[in-house]
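Structure record follows, encoded as structure tokens.
Read the figures in this text as sums done on the coordinates, not as results from a lab. Every value quoted in this text rests on a predicted model; they were computed, and no experiment measured them. We place every Cβ from the backbone using ideal geometry, glycine too, and count neighbours over all the protein chains shown.
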Amino acid sequence: MKNIAVVTGASSGMGREMAIQIGDRFSGIDQIWVVARRGERLAELVGQTPAKIRIFAEDITAPEGRRAVRDALEAENGGDVSAAGKEKTAVRILVNAAGFGVMGDSMETDEEVQCRMIRLNCEALFAFTRMLLPYMGKNSRIIQFASAAAFAPQPHFAVYAATKAFVLSYSRALGAELRHRGICVTAVCPGPVDTEFFDRAGGIGRIPAYKKLAMADPEKVVRKALADSMAQKEISVYGLPMKAFALLAKIAPHRIFLGI
Ligand SMILES: NC(=O)c1ccc[n+]([C@@H]2O[C@H](COP(=O)([O-])OP(=O)(O)OC[C@H]3O[C@@H](n4cnc5c(N)ncnc54)[C@H](OP(=O)(O)O)[C@@H]3O)[C@@H](O)[C@H]2O)c1
């Protein structure tokens, strides 16, 4: 049996950090399959961790991009996925970190960009998870990158926050569905993290000052996410400010946040 981890969005930020920390910390993981569009950035991971890196330079919003990973798994398992848990190559950790957000009013932001966000953050995350589940057995882990934006609606980041509310809701329900199979699902809900995310989101200059102050280190967010996943936690929230926000969003009416 070969144990692998699959990490989407591994060419930068928290996905990249996930690949490195999984390789460093889990000696039982033989290979890490890393997925993103920029193959040259994925190639930089080779040699950075003790685990072998296998590169999938794919756009996972395209069904054929996702299928490249499934085809590779099928090939390794002789095409037989009927007996989950008995595969020759099993996915022990799946991390869905691929995602992006764009700031701005939804009526003023390009429609196609927002549709692409929904396709990547929601559709691709769901389809990728569903596609790999037949290869996952007892004591496996799924780590889904949601966001603290999932806790309450966010004007000027409306579609992004809505996609992350989807990820949080889906992940919690999926975790309940998979409990009897011994597969644990953790939704990671960080506040602002210092990655390339904000270059794509519209530039660091557009971030409100309170978000800049709360900007977290990706290495620490990922360390906590992995620890929470191992502890079988449903949700991973890094840092006191975001824990306070999560609590507030539970008890305060959401119209308060809409007014801020
Ligand atoms: N940074 C934050 O403040 C923050 C806060 C809360 C939650 N999050 C969430 O955390 C996750 C990781 O974000 P990050 O901060 O690490 O951002 P990042 O550095 O921009 O990384 C995003 C990753 O997604 C990949 N990606 C984008 N489009 C893709 C596509 N069509 N197919 C395959 N891969 C694609 C990118 O790779 P390629 O461009 O090479 O394809 C990149 O590896 C995201 O889901 C994000 O929404 C981020």
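Helix 13-25 and the longest principal axis of the C-alpha atoms of the chain enclose an angle of approximately 40°. Counted by Cβ distance under 11 Å from residue 126, the other residues give a net charge of +2, where Lys and Arg count +1 and Asp and Glu count -1.
Only Lys, Arg, Asp and Glu carry charge here, each on its Cβ (+1 for the first two, -1 for the last two); on that basis the chain has a dipole of about 880 debye about its Cα centre. Along the charge dipole of the stretch 2-259, which of 258, 120, 183 sits closest to the positive end, that is, farthest toward it, with unit charges on the beta carbon of Lys, Arg, Asp and Glu (+1, +1, -1, -1)? So the residue furthest toward the plus end is 183. Size descriptors for the stretch 55-181 (Cα atoms only): Rg and Dmax, in that order, 16.2, 51 Å. In the chain, the longest principal axis of the Cα atoms and the axis of helix 218-230 are about 60 degrees apart. Label sites at residue 127 and residue 172, each approximated as a point 7 angstrom past Cα along Cα to Cβ, lie 2.7 nm apart. Estimate the FRET efficiency between residue 46 and residue 249 by the formula 1/(1 + (r/R0)^6), using the beta-carbon distance for r and 41 Å for R0, to the nearest 0.05. The formula returns an efficiency of 0.50 here.
For residue 138, the lysines whose Cα falls under 18 Å of its own Cα, not counting residues fewer than eight places away in the same chain, are 2, 86, 88, 233. The Cα atoms of the stretch 2-259 cover 55, 37, 30 Å along the three principal axes, with the biggest extent listed first.
Protection proxy ranking of 119-128, 182-191, 106-115, by the mean of other Cβ atoms within 10 Å over each peptide's residues and highest first, is 182-191, 119-128, 106-115.
Once a ≥ b ≥ c are taken as the square roots of the eigenvalues of the Cα gyration tensor of the stretch 7-99, is the result rounded (a/c under 1.5), prolate (a/b larger than b/c) or oblate (a/b not larger than b/c)? It is oblate, given that a/c is not under 1.5 and a/b is not larger than b/c.
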